[in-house]
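A.B. asks: Input: one structure, supplied below.
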Amino acid sequence: MVALDRLVDVLGSLGTHLACAPRGRDAELRGVALHDPAENTPAAAGDVLLGLGTPSVAAAARLVSSTAASAVVLHGRPPLDERVIAAAKKSGAAVLLVDPSVPWGQLANVTQTLVNGGTRTGDLFGLADVIAGVVGGPVTIEDQQSRVLAYSYRQEDVDPVRVQTILGRRVPEEARRALDEFGVFTHLASSDEPIFVPKLTPQLGNRLVAAVRAGRELLGSVWVEVTGPVDAARSAALVDGARTAALHLLRSRASTDLERQAEADLVIRLLEHPESADVVRLGLPSADLRVIAVQAHAGEGEHGAAVLAFQRATAGFGWSRPGRSALFGNVLYTVIPAADDAAGWVRSLVRELPAEATVLAGIGGPAEATQLPTSRQEADECLALSTGTPVVYDDAWARVLLHRLAAVAEAGRLPTRGPISNILRYDAEYGTQYATTLRAWLAAQGDVRAAAKELNVHPNTLRYRMQKMSEVTPLPLDDPDQRLAMAIALQITLHNSR
C-alpha cells in the first residue's frame with residue numbers, strides 16, 4: 001500500500017503530472033490493474049488503473065467515469081480535458097497524465113514495484129515475531145551496519161546489550177567489537193549457515209545468528225537470543241526466516257531506489273534550472289535554503305563512499321529528513337533549510353559512514369529557491385577549501401574570493417607587469433624578502449611596529465626594506481586603490497606559491 005502523493009513523487013521523474021485528485025493526494029493505493037478493452041476487467045477500489053487502449057478523449061472519459069479505481073494513469077499532456085475532469089469528479093478517481101513517449105511497460109514496472117513491492121516496516125516486525133515464535137527467543141533483524149530494522153514484540157528477560165540495541169537502534173560498539181573478534185561478521189560474509197555465539201561479555205548473552213543474503217550480496221542478519229545451542233530444526237527455521245527477510249529487504253530497496261531517483265532528479269533540476277523546478281514537491285520552503293556539497297572517500301574505490309553517503313542522506317524517504325539530496329558524479333548535493341544546522345547535518349552524516357572514510361564538505365550561503373545555483377557554486381568553492389571541517393560560506397567568503405582570484409591568476413589573467421611583479425622578480429634574483437615585507441606593511445595599514453612584530457624583525461629593519469623597495473620599483477603607497485590592488489596581488493601570488 002502506498003499513498004497517491006508518493007506515487008506522484010516517484011512517477012514525476014517520468015514526466016507524470018497529477019491532473020486532478022477529487023479525493024485528495026492522501027488516497028491509499030493497494031494494487032495495480034491494466035485496462036483491457038477486449039476483456040473489460042473491472043478495477044477494484046484502491047487500484048491504480050493503467051489506461052491502455054484509450055485512443056481518444058471520449059474513451060478516456062468513459063474509462064474514468066465508470067471505474068472504481070482510486071487513480072487512473074493516461075497518456076497525454078496537460079491540461080486535462082474538461083470531459084475527463086467531469087468524469088473524475090463523478091467516479092472520484094484521481095487522474096495522472098504521463099508523457100506519451102514513456103512506454104506502458106516502463107510505467108507498469110515502476111508502478112507495480114512501488115505499490116505492490118514496497119515493504120512496510122510492519123512486515124519486518126511481523127516476520128521478527130514469527131521467527132521468535134518458531135526459533136524460541138527474542139529477535140532483531142539488522143542491516144549490514146548492525147542497525148536495527150525490526151524486532152520481535154516480546155523482549156522480556158533480555159540481556160543489557162539487547163536493550164541498548166533496541167533503544168539505540170544499533171548494536172553498541174563494545175558488543176560489536178566482541179562479536180567481530182569472535183569472527184561473527186567474517187562468518188556472515190561467507191556462509192548462510194547459522195552460527196551460535198556463546199556469552200562473550202557479562203552484558204552480551206548467547207546468540208544464534210544467520211545471514212540475510214540475496215545471491216552473494218549480504219543484506220543484513222537475523223539475531224535470536226537463546227539460552228544455549230539449538231537443535232537442527234530450530235536452526236533450519238532461522239535460515240527460512242532469513243530467506244524471507246531477504247525478500248522483504250529486496251522489495252524495500254527496489255521501492256527506495258525509485259524514490260531516491262525521483263528525489264535526485266528533482267534536486268538536480270532545482271540546482272540547474274530552478275525557474276522550472278517545483279520546490280513544493282520536495283517538501284521544502286521557497287526561501288531561506290542553502291546547498292551542502294560533500295565528497296567522501298574510503299579505500300581505493302572511486303565512488304563507493306560517495307554512494308554510501310547518498311544512501312545514508314536519503315534514508316527514509318518522506319519529509320522527516322531536513323534535506324533533499326542528489327549524487328552528481330562523486331559529489332553529494334543536499335538542499336536544506338537555512339535555519340537548520342548545516343554543519344551539524346554534515347557531522348551526523350559522517351557518523352553514519354565507515355570510520356576510515358574521509359569526508360570533505362562545503363556549505364553555500366542562504367538563498368531563495370531561484371538562487372540555489374549560486375548557493376551551489378559557493379558550496380563547491382567551500383568544498384575546495386575543506387580539509388575535513390565543513391567550510392561555511394558565511395564565515396569563509398573572503399577565502400572564497402581569494403580562491404576565485406587565484407584561479408584567475410592561474411589562468412594568466414593577472415597583470416604580469418607592475419610593482420608587485422618587479423618586487424617578486426627581484427626577490428627571486430637576489431633572495432630578498434621584499435614581497436612578504438610589503439604584504440605585512442599593507443596588512444598593518446602602514447603601522448611599522450605592528451608589521452615588524454608580525455615579521456619578527458626590528459622596526460628599523462622593516463623601514464630599511466621599504467626604502468630599498470622604492471629603489472627597485474615605484475611604490476604608490478599614498479594611493480588607496482593602488483594599495484588595495486597590491487595587497488590583492490600579493491595575497492594571490494603568495495597563496496599560489498604555497
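A.B. asks: Please give every one of the aspartates and glutamates within straight-line cross-link reach of Lys468, meaning a C-alpha to C-alpha distance under 19 Å, and leave out same-chain neighbours fewer than 8 residues apart.
C.D. replies: Within the straight-line limit of under 19 Å, Lys468 reaches these aspartates and glutamates: Asp427, Glu429, Asp447, Asp478.
A.B. asks: Moving on. If one computes the Cα centroid of the range 414-449 and of the range 34-110, what distance in Å separates the two points?
C.D. replies: 75 Å
A.B. asks: Follow-up. I'd like the orientation of helix 419-430 relative to the chain: the angle between its Cα long axis and the longest Cα principal axis, in ° from 0 to 90, rounded to 10.
C.D. replies: 80 degrees
A.B. asks: Just one of [x] 33.8; [y] 21.8; [z] 28.9 is mean projected area of the Cα convex hull in nm² as worked out from the coordinates here. Which one is it?
C.D. replies: [x]
A.B. asks: For labels at Glu82 and Ala108 in the simple 7 Å Cα→Cβ model, what's the distance in nm?
C.D. replies: Placing both labels 7 Å along Cα→Cβ, they lie 3.6 nm apart.
A.B. asks: Continuing with this model, one more query. What net charge is computed for the residues neighbouring Ala367, neighbours being all others with C-beta under 10 Å from the C-beta of Ala367, Lys and Arg scored +1, Asp and Glu -1?
C.D. replies: Local charge sum for Ala367: -1.
A.B. asks: Also, I was wondering about something else. Could you tell me the convex hull volume per residue, in Å³, taken over the Cα atoms of the range 349-448?
C.D. replies: Output value, Cα hull per residue: 195 Å³.
A.B. asks: Could you compute the net charge surrounding Val291? Neighbours are other residues with a C-beta less than 10 Å from the C-beta of Val291; K and R count +1, D and E count -1.
C.D. replies: 0
A.B. asks: Rounded to the nearest 500, what is the 222 nm mean residue ellipticity of the chain from helices alone, with -39500 (n - 2.57) per DSSP H run of 4+ residues and division by all residues?
C.D. replies: Taking each H run of at least 4 residues, the total per residue is -15000 deg cm²/dmol.
Laboratory data are not the source of any read-out in this text; all were calculated from the coordinates shown. If you're wondering where the values come from, they're calculated on a predicted model, not measured in any experiment. Note that we place each Cβ from the backbone using ideal geometry, even for glycine, and neighbour counts take in every protein chain shown.
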